[in-house]
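Throughout, read-outs are computed from the coordinates displayed, never taken from laboratory work. Note that the coordinates shown come from a computational prediction; the quantities given were computed from them, not determined experimentally. Note: ideal-geometry Cβ built from the backbone for every residue, glycine included; neighbour counts use all protein chains shown.
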């Protein structure tokens, strides 16, 4: 097993209180926040760069609107001093943000991505990263989806939405992995103080 390569960065997408708003509906993977917390702790122990992406919605009825309590980060993904926080107002974290420049300044060419929603901002950001040439990995159990209503009124359960989104990404835009595999690789790289 190889350690996480040099030049790797962790990107956490839209892990804010807003994702708990009731209007999102049923979700899959209720343990995702604990996965995020475990990976983030190990990543920090390995002294690797973290990029927190924060959605700053312009929609008046969005729980992601700046100024609302729900705009705050979830406790499991709270940024520490010195960690980059990138505000965005579109689905892709690369559109009209400083993310790409920040990754370049930190000499990052490999990305590990977690966050929400799998079928929305996470997928848009990962596709964009793949198109930009980043070696990108999605931590499947560190993200989640919500139910999706089709045009004919049928509802696709969140678990199927999640798996389809990951299938769309895997092999073309990213490599989809599980947190246990990433944590095992990080354990090879944790440097004592």
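A few notes on this one:
- Per-residue Cβ neighbour rank within 10 angstrom, fewest leading, 99, 183: 183, 99
- Least to most buried among 116, 50, 85, 156 (fewest other Cβ within 10 Å first): 85, 156, 50, 116
- Normalised by the number of residues in the range 72-171, the mean separation of alpha-carbon contacts (under 8 Å, six or more apart) gives a relative contact order of 22 percent.
- Within the chain, helix-based [θ] at 222 nm, where runs of 4 or more DSSP H residues each add -39,500 (n - 2.57), nearest 500: -8000 deg cm²/dmol
- Ranked by how many other beta carbons lie within 10 Å on average, peptides 129-137, 9-17 from highest: 9-17, 129-137
- Sequence of 144, 43, 24 once ranked by neighbouring C-beta atoms within 10 Å, starting from the fewest: 24, 43, 144
- Average Cα contact separation per residue, the range 8-187, under 8 Å, 6 or more apart, as relative contact order %: 27
- Rounded tilt (10° steps) of 158-169 against the dominant C-alpha axis of the chain: 50
- Distance distribution note for the range 19-130: the fraction of Cα pairs above 22 angstrom is 33%.
- Against the chain, whose longest principal axis comes from its Cα atoms, helix 123-132 is set at around 40 degrees.
- On Cα atoms only, tilt of 32-45 relative to the major axis of the chain in degrees: 20
- Distance from the C-alpha centroid of the range 81-126 to that of the range 15-72: 13 Å, rounded to the whole angstrom.
- Counting DSSP beta bridges with both ends in the range 8-187, the antiparallel % (nearest 5): 15
- Value of relative contact order over the range 1-105, rounded to a whole percent, pairs C-alpha under 8 Å and six or more apart: 32
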